1. How about region 1-98: which trypsin sites (Lys or Arg not before Pro) there are in a DSSP loop, with at most 14 other Cβ atoms within 10 Å of their Cβ?
2. For n ≥ 4 DSSP H runs only, could you compute -39500 (n - 2.57) per run for the chain, divide by its residues and tell me the 222 nm figure to the nearest 500?
3. Counting just the Cα atoms, what span does the chain cover along each of its three principal axes? Round to the nearest Å and put the largest first.
4. Defining a contact as two alpha carbons under 8 Å apart and six or more residues distant in sequence, what relative contact order in percent does the chain show?
5. So, in nm, how far is label residue 83 from label residue 126 when the simple model puts each one 7 Å beyond its Cα toward the Cβ?
6. Picking from 159, 121, 141, whose Cα lies most toward the positive end of the charge dipole for region 1-160 (charges on Cβ: Lys, Arg +1; Asp, Glu -1)?
7. Could you give the dipole magnitude of the chain about its Cα centre, charging the beta-carbon of Lys and Arg +1 and that of Asp and Glu -1, in debye to the nearest 20?
8. Sort out for me the Cα centre separation of region 207-236 from region 69-124, rounded to whole Å.
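The values are calculated or read from the model by the stated rules, or taken from the named source; none is laboratory data. If you're wondering where the values come from, they're calculated on a predicted model, not measured in any experiment. Positions of Cβ are backbone-derived with ideal geometry, glycine not excepted, and every protein chain shown enters the neighbour counts. Each accessible area value is taken on the protein alone, full model and side chains, heavy atoms only, with ligands, DNA and RNA left out. Shrake-Rupley method; radii C 1.70, N 1.55, O 1.52, S 1.80 Å.
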Amino acid sequence: MEIRWLTAFLDFPAEQFGAEVTFWRAIAGSTVSPPRGEHREFASLEPFNGDPHLRVQRVDAGPGGIHLDLHVDDPRSATAEAIALGATVVRDHAGPAYMSLASPAGFVFCLVEWQGESVRSRPIRWPGDTISIIDQVCIDIPRELHEREVAFWTRFTGMPTEPTSRPELLRLRRDHALAIGILLQRNGPDDEATVATGHLDLAATAVEDEVARHEDWGARVVEEFPTWTVMSDPVGRRYCITSRNPRTGD
C-alpha cells in the first residue's frame with residue numbers, strides 16, 4: 001500500500017460546528033469549500049495554494065475530535081492490510097472509496113480513494129513576519145497500548161519512527177510529498193484515557209507571536225514548554241503551537 005495523501009479531519013458536534021469552522025479557517029488562513037455529503041456535513045478548508053489537507057465534519061453524536069484520512073489507490077485492499085496488523089472496521093460505507101477503521105489503540109482513521117491530491121500548500125506569512133502552517137497530527141496513546149500502536153503505524157504506513165527531544169514522543173519519518181506528518185505520543189501515568197485520541201500541531205517560526213494571534217481569535221494558553229505551547233480553542237479543543245520549520249516540518 002502506498003499513501004498518496006494525508007488529510008486531518010476535524011469532527012465537530014452540530015452545535016459547535018459554525019464557531020469551530022470560523023476559528024480554524026482563520027487559524028489556517030483558508031477559505032471554506034461548499035458543503036458536500038448526503039447531509040451536507042463535510043467541507044474542506046481550502047488553502048490559497050495547493051491541495052486541501054484539512055477538512056471538517058459535522059457529527060450528530062458525541063464530542064467530536066480528530067481523525068486521519070489516508071488516501072490510497074485501493075481502500076478495500078488497504079483495509080485488509082490494516083486488519084491483518086490489528087485494526088478493526090468501524091464502518092463499511094458500502095462502496096469502494098471509503099472505509100472507517102480504528103487502530104489497535106482505538107484511534108479512528110479512514111481509508112479513502114485517492115483523487116489526485118499532490119500539491120502541498122505553502123505556509124502563510126502573517127503580519128509581523130511569523131510563518132506558520134497546520135502540518136501534523138499527534139496521536140495520544142495510553143501507556144499500556146503504546147508499543148502495539150507504534151508497531152501498527154510504522155508497519156502500516158511503511159514509515160519508521162524517529163526520536164525527538166522528548167522520550168514520550170516519536171514521529172514517523174516524514175514523507176515530504178505529504179502535507180501532514182504523524183507524531184506518536186505516549187500519555188503520562190496520570191492520564192486515564194483508555195483509547196487513543198488525537199490533536200493538531202502547528203509549525204511556527206515564532207511561537208509567542210503565533211500564540212498571540214490565536215488568542216485574538218478566542219483561544220487560550222493551557223501550558224507552556226520550551227519549544228511548544230499547548231492551546232485550547234474557543235470550545236476547549238486542545239492543540240499545540242510548536243517551534244518547527246513550517247516549510248519542512250522539522
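1. Working: sites: 4, 25, 36, 40, 55, 58, 76, 91; in loops: 4, 40.
Sites meeting the loop and neighbour criteria: 40.
2. On the way: 4 runs with 44 residues, N = 250.
Only helices count here, giving -5500 deg cm²/dmol.
3. Projected onto the principal axes, the Cα atoms of the chain cover 48, 42, 34 Å.
4. Normalised by residue count, the contact order of the chain is 18 percent.
5. Inter-label distance under the simple model: 4.5 nm.
6. Result: 121.
7. Result for the chain is approximately 420 debye, rounded to the nearest 20.
8. Measuring centre to centre over Cα atoms gives 31 Å.
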